[in-house]
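Below is one structure, written out as structure tokens; the observations come after it.
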Amino acid sequence: METIEKFNRHVMTTYGRYPLVLEKGEGRSAVDENGREYIDFGSGIGTNSLGYCDKDWADAVCAQARAVQHTSNYYYTKVQADFAAKLSQVTGYDKMFFGNSGAEANECAIKLARKYSFDKYGKDAKRYNIITLVNSFHGRTIATLSATGQDTFHNYFFPFLEGFINAEANNINDLRAKLDDTVCAVMIEFVQGEGGVNPLDKDFVQELFKLCAERDVLVIADEVQTGAGRTGTFLTSEQYGVKPNITTLAKGVAGGVPVGICLADEKCSDVLTKGTHGSTFGGNPLACAGGLAVVNKVSQKDFLGEINAKGEYFRKKLGEMNEVEGVDGLGLMLGIRLKSRDASEVCGKCFENGLLVLTAKNKLRLLPPLNITYDEIDRGLEILRRVME
Ligand SMILES: *Cc1c(COP(=O)(O)O)cnc(C)c1O
């Protein structure tokens, strides 16, 4: 109680929080001040991808803290080079920029796309518009809010940035109509996360990539939520059979230390030149050490296979519950449609019963740690079933 009072007195009330003070975590369970355990199907919004205090991850971050914790980007560190090389090997992108969050990774992508067009077509072409999809979510900065295709986010903070156009997801004619010569990029989430766990149709995605390639329009994939193994492949683009010019990562890629990454292909990897972009904390050694530990583990074929198998197991078990109408999503990114219950009410009841889950629009959303065990899945789902029935 003391913590919550102190917290509310001094921290801005920008979030609706559950009355839970987390003190530590073990495996896939969070433990509160009173020693009460919560099975975590939310992973801090898909961020604690190896659960709490994974030994290899914690050892790597602690060792780095004892070696060098920060350098600024005037100097080099081995751990940033190693992390970048590993990501490059796993994703096929040669070059990347490091920031600290999803929004920052997307800011980088937006700047990169605009400069690509500026360099190639000149200022007078005014080829700076970026198409984003209705119901998308790209972050909380002014630029990424402007990119976000949901009106509920477009309040208070006027003026928003110009240069963003919304097209409907899975409607290729709408996209084609809006892809004029003012457009420099199209930005998508393969599975809209905050928008309700809605995967894009494969046909739509492949047609989108074709149209963009014909018009020299860059495709930006916001994989902040879907990337780093979450959906069962390291990048979700692999499942769609496409390679975006730019992919952004954040959330789960460093297992709980803040990082944002903007990956660029050979077409645009040299656009951001000396002095055009930067970030004091970007590529911070602690973040890179955590990231390297995550990617070393998650990129293994067996580990990715397990993510898919566990996703299927979730679907099967959820499908047997009376209240579940259907399950959307890929891998361990799951959106549960409920027949009659309200998702946020169920979420609250789960919390009271020792299970942490999330919502996205009117669905229950599960983003469990990628190394969750079958026993933990069973125990968590048993709580969910009891709560719903
Ligand atoms: C969470 C999220 C972001 C924003 O990431 P932050 O780290 O909160 O800035 C952007 N895009 C998608 C798809 C996300 O899920």
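The values are calculated or read from the model by the stated rules, or taken from the named source; none is laboratory data. Keep in mind that what you see is a predicted model, and the values were worked out from it rather than measured. No Cβ is skipped: glycine too gets one built from the backbone with ideal geometry, and neighbour counts run over all protein chains shown. The accessibility values were calculated without ligands, DNA or RNA, using every heavy atom of the protein model including side chains. Shrake-Rupley method; radii C 1.70, N 1.55, O 1.52, S 1.80 Å.
Numerical summary
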| read-out | value |
| --- | --- |
| Assigned charges on the beta-carbon of Lys, Arg, Asp, Glu; region 270-362 dipole about Cα centre (debye) | 100 |
| Nonlocal amide H pairs with residue 164, under 5 Å, H built at 1.01 Å | 130 |
| Under 11 Å, Cβ to Cβ, from residue 181 - net charge with Lys/Arg +1 and Asp/Glu -1 | +1 |
| Space enclosed by the convex hull of the alpha-carbon atoms of the chain, per residue, Å³ | 149 |
| Local electrostatic count at residue 45 - Lys and Arg +1, Asp and Glu -1, tallied over other residues with Cβ under 10 Å | +1 |
| 3J(HN,Hα) from dihedral phi, region 273-279, Karplus parametrisation 6.51/-1.76/1.60, rounded to Hz, x for glycine, proline | 9, 3, x, 8, 7, x, 6 |
| Cα gyration tensor shape for region 175-311, rounded if a/c is under 1.5, else prolate or oblate | oblate |
| Surrounding net charge for residue 232, when Lys and Arg each add one and Asp and Glu each subtract one, Cβ distance under 11 Å | -1 |
| Debye-sum result for region 60-198 in log10 I(q)/I(0), which assumes one identical scatterer on each alpha carbon, at q = 0.09, 0.17 Å⁻¹ | -0.37, -1.05 |
| Long-range amide H partners of residue 185 with built H, under 5 Å | 131, 218 |
| Carbon and sulfur %, accessible surface of region 21-75 computed with the full protein complex present, 1.4 Å | 51 |
| Under 24 Å from the Cα of residue 274 - lysines, other chains or at least 8 residues apart | 78, 86, 95, 111, 115, 120, 123, 126 |
| Estimated FRET transfer efficiency when R0 is 25 angstrom, pair residue 170-residue 243 (beta carbons, to 0.05) | 0.75 |
| Per residue value of the accessible surface for region 22-62 (all protein chains in place, 1.4 Å probe), Å² | 46 |
| By accessible area with a 1.4 Å probe, ligands and nucleic acids excluded, highest first: order of 144, 233, 14, 273 | 14, 273, 233, 144 |
| Convex hull of region 269-369 built on C-alpha atoms - directionally averaged projected area, nm² | 10.1 |
| Computed FRET value (nearest 0.05) for residue 36 with residue 13, which takes r as the C-beta separation and R₀ as 30 Å | 0.75 |
| For region 158-270, size of Cβ-based charge dipole, Lys and Arg +1, Asp and Glu -1, in debye | 300 |
| The chain: antiparallel DSSP beta bridges as a percent of all, rounded to 5 | 65 |
| Candidate aspartates and glutamates - alpha carbon under 17 Å from residue 202, same-chain residues fewer than 8 apart omitted | 168, 174, 189, 222, 223, 238, 328 |
| Cα lying deepest toward the dipole's positive end in the chain, options 75, 279, 362, charges on Cβ | 75 |
| Dipole of region 106-158 [Lys/Arg +1, Asp/Glu -1 at C-beta], most positive-end residue of 106, 154, 138 | 106 |
| Residue among 35, 53, 164 farthest towards the positive dipole end of the chain, charges placed on Cβ | 164 |
| Cα-centre dipole for region 1-86 with unit charges at Cβ (Lys and Arg positive, Asp and Glu negative), debye to 20 | 300 |
| Nearby lysines by direct alpha-carbon distance to residue 349 (threshold 28 angstrom, same-chain neighbours under 8 apart not counted) | 6, 24, 251, 310, 316, 317, 339, 361, 363 |
| Nonlocal amide H pairs with residue 192, under 5 Å, H built at 1.01 Å | 198, 200 |
